[in-house]
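Values in this text are rule-based calculations from the coordinates and carry no lab data. None of these values were measured; they are calculated from a predicted model. With ideal geometry, Cβ positions are generated from the backbone for all residues, glycine too; neighbour counts draw on all protein chains shown.
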Number of protein chains: 2
Amino acid sequence: AVSVPDVGSAGAFIRAHLAAASPLPPITVRNWMKEVIWFNVFVVTATPLLSIYGLCTTVFRPKTAMLCVAYYLWNMLGITAGYHRLWSHRSYNARLPLQYFLAVAGVGAVQGSIRWWSRHHRAHHRYTDTDLDPYGAHLGLWWSHLGWMLVKPRIKLAPVDIKDLQNNVVVRWQHRWFFPLTFVFGLVLPASIAGWFWDDWRGGIFFAGFLRLTCVHHSVFCVNSLAHWLGETTFDDKHSPRDHLLTAIITLGEGYHNFHHQFPMDYRNAVKWYQWDPTKWFIAFCSYTGLASHLRKFPDVEIQRSLLTMQLKTLNEKRNSIPWPVPSDELPVINWQSFQSEAHQRPLVLISGFIHDVGEFMDQHPGGRKLLETHVGKDATSSFFGGVYDHSNAAHNLLATMRVGALQGGLELLHETAVPPCSKLQIVRWS
Amino acid sequence: AVSVPDVGSAGAFIRAHLAAASPLPPITVRNWMKEVIWFNVFVVTATPLLSIYGLCTTVFRPKTAMLCVAYYLWNMLGITAGYHRLWSHRSYNARLPLQYFLAVAGVGAVQGSIRWWSRHHRAHHRYTDTDLDPYGAHLGLWWSHLGWMLVKPRIKLAPVDIKDLQNNVVVRWQHRWFFPLTFVFGLVLPASIAGWFWDDWRGGIFFAGFLRLTCVHHSVFCVNSLAHWLGETTFDDKHSPRDHLLTAIITLGEGYHNFHHQFPMDYRNAVKWYQWDPTKWFIAFCSYTGLASHLRKFPDVEIQRSLLTMQLKTLNEKRNSIPWPVPSDELPVINWQSFQSEAHQRPLVLISGFIHDVGEFMDQHPGGRKLLETHVGKDATSSFFGGVYDHSNAAHNLLATMRVGALQGGLELLHETAVPPCSKLQIVRWS
Ligand code: HEM
Ligand code: HEM
Ligand SMILES: [Fe+2]
Ligand SMILES: [Fe+2]
Ligand SMILES: [Fe+2]
Ligand SMILES: [Fe+2]
């Protein structure tokens with residue numbers, strides 16, 4: 001019953017789902033009018049256009065500007081600390097006041113209810129880079145940034161477990177009242193603050209409303225586009241997510257996305273203290289106040305393992321890109337007799353059981369031509385290793401590149417000195 | 001005649017020399033008056049003391065300050081580009097005008113003739129960190145910075161080849177006239193410039209003379225002390241030399257000393273364009289003007305090899321410092337029958353031929369407790385590898401830490417999936 005496991009099944013579930021899904025047709029010049037979700041198109045085009053109109057016609061007052069920044073940060077936290085790390089990934093527990101604070105902050109970002117957002121996000125993690133990934137990170141920057149939400153989903157959303165969200169009172173409340181809530185907190189409230197307190201209704205609508213919202217939208221969208229495109233695959237290169245400071249700055253810390261996809265239930269996106277992850281700092285602060293608890297961390301040793309595995313992989317690629325001394329068993333075996341007679345033709349020196357042609361090196365030898373000449377046809381091992389001069393590791397490595405043969409009988413016991421320092425540690429692949 | 005080479009000889013030459021050398025006795029409270037080289041002690045104590053006296057009693061005029069800096073740089077170049085890279089290491093060829101320029105620049109640094117300096121320096125390279133190293137890098141910062149030149153050499157200077165220097169007209173000339181030259185260019189000339197051109201004789205003597213000389217001395221001494229103590233062993237850790245930006249700044253670029261000891265005949269000390277090596281830039285400029293030629297470089301591939309070897313070594317140390325999954329042949333082999341009966345006691349899951357205890361992980365599983373429960377006592381290989389969910393490499397690594405046994409017959413053909421991603425590349429040591 002149990003023998004060699006069947007990995008032909010990798011992706012079996014995905015293939016089965018795709019086969020049963022009857023995807024919608026590709027979008028063409030003919031059908032796009034029918035396939036587009038007009039409401040979404042309207043929102044993402046109207047907000048930037050109205051922002052620009054505002055910038056051209058309205059004075060941007062300092063107080064309103066400060067409101068924009070504060071409101072932007074609040075909305076962003078709603079998405080990053082709330083929608084994303086709390087509800088999509090359950091990376092910590094939050095008390096009800098904090099949940100309401102985050103639910104309302106997130107609703108003002110105008111990008112769907114927690115329930116809708118987290119369901120898609122969980123599918124994105126579960127099916128990253130496959131055709132079941134709703135954001136389609138593998139389909140290019142434009143599609144993953146915006147395109148995917150402007151047309152009807154081509155493939156029915158694959159199953160993900162959202163029972164926890166269905167049972168959560170805050171999530172249920174926010175989903176039920178989503179449209180009024182998003183209108184009030186996405187536009188009415190910020191506009192009214194500027195209008196009411198410093199009588200800047202126009203600025204409130206255009207800047208605190210539309211301009212701030214445009215920024216929130218595209219900052220968050222960058223997690224799906226930029227974070228799957230720009231930066232390093234620090235912990236794993238199986239999938240597209242990448243770590244980059246720039247994305248982190250744009251997204252309150254969500255830019256260490258390679259880490260995040262590898263350790264999605266970790267409340268941190270950045271592990272190092274000096275990396276930019278204000279969302280993590282916010283959650284840690286909430287935990288300090290008691291509003292958050294059970295902050296989840298992936299075991300540190302697993303994080304180290306992933307990191308070192310990638311570093312080893314990178315190093316191995318670099319090592320493979322330059323030549324290394326020929327392995328001893330690929331060299332011709334030469335007997336003492338032929339070594340002696342060949343040494344009359346060209347300057348051959350025996351060191352550590354290997355025969356070296358030092359012809360081209362003679363005049364470049366820092367120890368001088370003479371010392372080499374006197375050892376032609378002889379064993380210079382002990383001279384080379386300290387009898388005359390204890391050569392550096394670099395000299396030893398260089399020596400190995402001059403090998404032309406192995407002396408018969410000289411290598412029966414492969415000695416320490418026969419292995420150049422550059423070959424003492426080897427990277428081998430399991431196979 | 002030729003079999004396994006004899007490396008008992010590493011250091012044979014050094015041991016033989018030491019045995020025959022009859023070293024002077026260690027310095028004690030009793031004998032130090034006799035062992036000290038009073039002239040050297042006088043020079044290195046008088047210069048800083050006179051500098052301080054000058055600073056307390058004399059106005060430091062801007063013009064004199066600029067002269068100090070210019071003269072300092074000129075002396076430093078004399079030592080770094082001249083004494084060191086040209087004459088000690090023959091790392092390039094210089095035409096006579098450049099040689100005289102450097103010989104005179106160096107003589108003003110008041111640290112012996114080219115011949116004396118280079119002979120010691122060659123011995124330092126040849127016998128680094130041994131008792132034949134005249135600077136004694138292994139004897140601590142104070143000794144290598146200054147101590148070694150204040151007492152009679154404890155051990156007769158070991159032989160080094162300086163035939164090239166004995167044949168060089170500039171070196172011979174400078175050695176012959178060393179004392180008058182060093183007095184004129186080390187003190188008289190800089191003092192006279194300030195005195196003659198802007199009537200600052202006192203400033204000329206105390207600042208352009210003594211203060212500048214103190215700085216030149218200790219900058220150069222840092223190459224023997226700081227550069228063997230502070231920084232990274234980027235290319236080799238067999239010996240004490242280290243690479244550090246700070247030392248490079250103090251010494252016109254000689255601070256990449258690990259590189260330099262590994263590749264001493266390279267005219268560069270820093271290989272990267274963004275590293276601070278003004279001496280290299282000066283030599284390159286001289287080559288552009290035709291005053292220098294035959295700039296020597298060690299083959300780039302050898303530099304890469306050394307670098308990668310050290311990186312691999314560092315990575316290996318990091319890898320050895322954290323735990324890794326138990327190798328499969330160290331696990332107990334369990335047959336199907338015992339697996340079944342034990343699975344009634346504790347939650348055992350079979351994946352890739354290994355039996356895992358998932359007890360502690362059940363409640364932390366991001367995919368939920370249920371999915372694990374339903375696989376207790378069963379083979380979950382294909383579910384784990386995509387049948388239900390295609391787990392990340394981190395999940396795969398984590399899984400390997402839960403191994404408690406290998407199923408009998410389940411591993412006859414060790415399959416790809418049985419090796420966690422963190423173990424796919426291994427570092428092995430030649431032995
Ligand atoms: C083909 C074989 C050899 C190679 C590739 C080689 C390479 C080198 C290199 C790269 C150096 C510079 C210092 C260092 O990196 O350690 C050096 C220095 C030296 N080599 Fe060799 N060497 C070879 C054979 C020998 C032999 C057979 C002798 C002696 C019999 C010898 C004697 C010396 C000495 C005395 C120095 C020191 C020069 C000095 O700093 O004064 N070398 N060699
Ligand atoms: C002891 C063995 C297992 C370990 C160590 C493990 C570990 C993990 C980890 C770390 C994740 C987070 C995502 C990732 O890193 O890929 C995860 C998610 C998941 N696991 Fe497992 N798992 C195990 C067994 C299983 C089994 C046997 C199944 C299915 C029968 C399963 C189904 C899932 C599913 C469906 C998810 C996705 C949850 C979601 O994102 O919606 N796991 N598992
Ligand atoms: Fe992602
Ligand atoms: Fe996520
Ligand atoms: Fe040194
Ligand atoms: Fe040197």
Computed over segment A:123-215: relative contact order in percent, which uses C-alpha pairs under 8 Å that are six or more apart: 15
Most mobile of A:188, A:220, A:376 in a GNM of chain A (Cα contacts under 10 Å): A:376
Distribution of pairwise C-alpha distances over segment B:284-349, 10 Å bins, in %: 14, 18, 17, 15, 12, 9, 6, 7, 3
Low-density loop positions, trypsin sites (Lys or Arg not before Pro), segment A:91-187 - DSSP coil, at most 15 other Cβ in 10 Å: A:95, A:156
Extension gain from residue A:371 to residue A:70, taking 0.36 nm per residue of separation minus the Cα-Cα distance: 100.8 nm
Label 7 Å beyond Cα on the Cβ vector: residue A:42 copy-to-copy distances, nm: 9.8
Using a 7 Å Cα-to-Cβ projection, residue B:336 label spacings across copies, nm, ascending: 6.2
Under-5 Å amide H pairs with residue A:256, H placed in peptide plane, nonlocal only: A:244
Among A:149, A:33, A:362, residue whose mean-square fluctuation peaks in a GNM of chain A (springs only between Cα atoms under 10 Å): A:362
Pseudo-label separations to other copies for residue B:274 - Cα-to-Cβ vector, 7 Å, nm: 1.4
Angle in degrees between helix B:278-289 and the longest Cα principal axis of chain B, rounded to the nearest 10: 70
10 Å Cβ neighbours from other chains, averaged over peptide A:157-163: 1
Sorted largest first, extent of the protein assembly as shown alpha carbons per principal axis (Å): 98, 78, 61
Principal axis box of chain A, alpha-carbon based, largest edge first, Å: 99, 61, 51
Calculated P(r) of segment A:114-271 - Cα pairs past 26 Å, %: 38
Relative pair counts by distance (%), Cα atoms of segment B:284-431, 5 Å bins: 2, 8, 14, 16, 13, 10, 7, 6, 5, 4, 3, 3, 3, 3, 2, 1, 1, 0
Footprinting exposure proxy for A:22, A:219 (fewest neighbouring C-beta atoms within 10 Å first): A:22, A:219
Exercise: per-residue mean of other protein chain Cβ atoms within 10 Å, B:318-327: 3
Cα coordinate range in segment B:138-183, projected on the principal axes (Å, largest first): 37, 29, 16
Cleavage-rule hits (GluC sites (Glu not before Pro)) in segment B:327-431: DSSP loop, at most 10 neighbouring Cβ within 10 angstrom: B:360, B:412
³J(HN,Hα), Karplus 6.51/-1.76/1.60, whole Hz, each residue of segment A:43-55, x for Gly, Pro: 4, 6, 9, 5, 4, x, 5, 5, 4, 5, 4, x, 4
Backbone HN-Hα couplings from phi across segment A:208-219 [Karplus 6.51/-1.76/1.60, Hz, Gly and Pro as x]: 4, x, 6, 5, 4, 5, 4, 5, 4, 3, 6, 4
Radius of gyration and maximum dimension Dmax of segment B:194-253, Cα, Å: 16.9, 54
Segment B:320-407 - percent relative contact order, Cα under 8 Å, separation 6 or more: 41
Relative contact order [Cα under 8 Å, 6+ residues apart], chain B, whole percent: 14
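Calculate for chain A the 222 nm mean residue ellipticity that helices alone would give, adding -39,500 (n - 2.57) per DSSP H run of length 4 or more and normalising by residue count, nearest 500 deg cm²/dmol.
Values: 20 runs with 194 residues, N = 431.
Roughly -13000 deg cm²/dmol at 222 nm, from the helical runs in chain A.
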Rh (Kirkwood; distinct C-alpha pairs) - segment B:337-384, Å: 10.7
Pairwise centroid distance, computed over Cα atoms, of segment A:223-259 with segment B:241-268, Å: 37
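More than 18 Å apart: what percent of Cα pairs in segment A:245-329 qualify? Numbers along the way, then the final one.
Values: 2011 of 3570 pairs.
Taking all Cα-Cα pairs of segment A:245-329, the fraction more than 18 Å apart is 56 percent.
Can you give me the orientation-averaged projected area of the convex hull built on the Cα atoms of segment A:114-172, in nm²? If you can, show how the numbers build up before the last one.
Values: hull surface 16.5 nm².
Computed as one quarter of the Cα hull surface, the answer is 4.1 nm².
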